[in-house]
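Here is the structure we will look at.
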Amino acid sequence: MRVSHLLATKGHDVATISQERTVAEAVALLKERRIGAVVVTGKTPPLVGILSERDVVRALATHGEGALVLKVADLMSREVSVCTADSELTTLMVTMTERRFRHVPVIDGESLVGIISIGDVVKARLEELEHDKRDLLAYVSGR
């Protein structure tokens with residue numbers, strides 16, 4: 001299954017925040033949208049980084065509540081793995097697991113067209129396996 005199939009079901013909405021905003025503003029956005037990461041935008045399209053709940057927790061452990069007044073650019077992960085709509089979900093799942101990250105922005109050239117979480121990938125894979133199971137049961141039972 002390709003990322004495009006998952007995006008057709010999930011949608012293309014992506015929460016973004018400017019690298020100049022504060023971490024407190026990013027946390028408010030994470031809470032409001034009930035998400036685990038935001039794509040960070042800046043002068044270079046389509047993104048300059050990603051800020052996850054993990055990044056915020058680590059900063060709070062290091063800086064205390066002072067972390068909340070830092071700029072998003074101070075905490076964001078700058079090396080972001082991205083994929084395209086043509087990327088295979090199984091390959092993406094392996095990469096996400098091996099490199100231990102949970103969110104992958106989907107790009108098309110210089111445009112941000114979606115974001116995939118590990119939860120999205122697992123859900124899609126489970127649905128795929130359930131479909132295969134139904135097909136095999138139908139085949140074995142002669143239906």
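The values are calculated or read from the model by the stated rules, or taken from the named source; none is laboratory data. Fair warning: this is a prediction, and the values are worked out from it, not measured in the lab. Note that each Cβ is placed from the backbone with ideal geometry, even for glycine, and that neighbours are counted across all protein chains shown.
Within the range 98-143, restricting attention to residues that are of a type in the set (D, E, K, R) and outside any helix (DSSP H, G or I), the residue that is modelled with the lowest pLDDT is R143.
Could you list all residues from the range 57-82 that are within 17 Å of E20 (Cβ to Cβ), under 19 Å from the mean Cα position of the chain (by Cα) and assigned to a helix (DSSP H, G or I)? V72, A73, L75, listed by residue number.
Condition check: acidic (D, E) and farther than 22 Å from S4 by Cα. Does E98 satisfy that? Yes: the conditions hold for E98. Looking at the range 21-56 only, could you name the residues that are under 14 Å from the mean Cα position of the chain (by Cα) and not in a helix (DSSP H, G or I)? Within the range 21-56, R34, I35, G36, A37, V38, V39, V40, L47, G49, I50, L51, S52 meet the criteria. Of all the numbered requirements in (1) within 23 Å of R2 (Cβ to Cβ); (2) crowded, with 17+ Cβ neighbours inside 10 Å; (3) of a type in the set (V, I, T), V48 misses one, and that requirement is (1). Close Cβ contacts (under 8 Å, 6 or more residues apart or on different chains) running from residues in the range 4-25 that are farther than 23 Å from K43 by Cβ to residues that are part of a loop (DSSP other than H, G, I, E, B) comprise S4/A85; S4/D86; L7/A85.
Taking the range 102-135 as the range and being aliphatic (A, V, I, L, M) and in contact with a strand residue (DSSP E or B) (Cβ under 8 Å, 6 or more places away or on another chain) as the test, the residues that pass are V104, V106, I107, L112, V113, I115, I116, I118.
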